[in-house]
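Laboratory data are not the source of any read-out in this text; all were calculated from the coordinates shown. Note that the structure is a prediction, hence the values are computed from the model and not measured. All Cβ positions, glycine included, derive from the backbone under ideal geometry; neighbour counts span all protein chains shown.
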Amino acid sequence: MRQNVQNLTLCYLLQMQCVCNALLDTPYFWPTQKWVAEDSDYAIYLAKRNIRKKGMLEPYEQVHYNHLHEWLNHKWDFIVMQATEQYKAGKERKKPDRVVLDCQERAYWIVNRPPVNNICIPLVSQNIFYQQAIMRSKVKSSVSLGALVKYVTTYKNHDPFLAPCLPSNPWQTDNDTYWNLNMRRVEVPTKSRVERWSFSFFELLSDLRGRDDFKIFLKREFSGENLAFWEAAEELKLGTASSMSTKAESIFKTFLAPGAPRWINIDGRTMGLTVKGLDHPHRYVLEAAQTHVFLLMKKDTFFRYLKSPVYKEIQKKAITPEPHNFR
Ligand SMILES: *[C@@H]1O[C@H](CO)[C@@H](O)[C@H](O)[C@H]1NC(C)=O
């Protein structure tokens with residue numbers, strides 16, 4: 001009797017599964033399915049793999065398999081039956097299809113039930129590499145790798161996890177002097193911070209202390225308009241929606257309109273775009289003009305700043321904290 005009930009339940013479950021499979025049509029492991037990975041699916045997958053590999057699972061898979069066997073013991077018969085069915089169905093497919101589907105399924109489970117132990121670090125760095133590769137789809141991989149190497153060489157001494165960090169690493173120790181020395185607008189910055197400003201114009205502007213120093217240089221040159229405009233456009237992006245049109249209007253009057261008090265010079269095309277956009281102002285309406293100005297400063301002013309007495313002075317003034325001795 002009990003056996004019968006169990007068989008009936010099993011049949012029911014199998015039927016459900018068939019209905020589901022028929023409904024799905026597309027394999028569950030395709031990203032478009034957004035299938036939520038569950039232990040029973042994983043168990044079926046591992047059982048199937050176990051059949052295919054004749055009991056030779058990868059060590060981490062074996063660990064998962066044993067664990068699931070114990071955990072899902074009450075429906076293990078069902079799981080093995082499902083696995084066998086799927087295995088048979090798989091064999092009926094054409095070989096190239098089967099290989100592709102197997103790879104996809106395996107990838108799905110590597111993502112959703114990742115192998116533990118020492119696999120994470122290569123994955124992270126690979127990930128960075130692939131992200132870069134995606135962004136420049138038409139660049140040779142050697143060029144892409146070269147850029148990666150250059151980036152790492154430039155920044156490695158500025159990563160507190162790769163190089164020692166003075167006076168002591170606040171992420172690893174309990175002394176937070178580092179934070180205080182590197183506050184946003186400290187009077188005297190550290191040498192390593194000043195060095196970082198020279199890496200790129202973007203670095204210089206992202207650091208408020210660096211931006212302040214750049215402003216000192218611009219003031220001596222009587223050419224603060226470009227940066228002032230860039231900052232105003234930046235502020236526009238972050239304001240409330242209701243303030244958009246008044247803000248955009250006032251920025252236009254200050255920097256772009258003919259005869260504006262702090263007039264900046266942008267090319268005709270960008271100007272046209274901006275003026276047209278201002279009919280219906282939104283937070284990114286000045287973006288084209290802002291980019292234009294950014295590139296202008298990057299190409300010219302930034303390099304003059306790096307060679308200027310202002311930058312030399314701050315380099316001289318900057319401090320190198322003594323390493324802290326923990327006793
Ligand atoms: C943290 O380190 C600094 C610099 O070495 C030192 O002067 C300070 O006394 C330390 N603070 C604590 C709470 O240990």
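Under the simplified labelling scheme, the residue 98-residue 298 pair shows an inter-label distance of 5.3 nm, with each label point 7 Å from Cα along Cα→Cβ. Residue by residue, the range 222-233 carries 3J(HN,Hα) couplings of 6, 9, x, 4, 4, 5, 4, 5, 4, 5, 4, 5 Hz when phi is fed to the Karplus relation 6.51 cos²θ - 1.76 cosθ + 1.60 (θ = phi - 60°); x denotes Gly or Pro. Distance distribution note for the range 160-275: the fraction of Cα pairs above 18 angstrom is 64%.
Return the FRET efficiency for the residue pair residue 320, residue 172: r is the Cβ-Cβ distance, R0 is 22 Å, and the value is rounded to the nearest 0.05. E(calc), rounded to 0.05, equals 0.65. With 0.36 nm allotted per residue and the present C-alpha distance subtracted, the residue 246-residue 62 stretch has 59.8 nm of extension available.
The Rg/Rh ratio for the range 44-105, using Cα coordinates for both the radius of gyration and the Kirkwood hydrodynamic radius, is 1.00.
Once the gyration tensor of the Cα atoms in the range 268-312 is diagonalised, the equivalent ellipsoid follows with semi-axes of 31, 10, 6 Å, ordered largest first.
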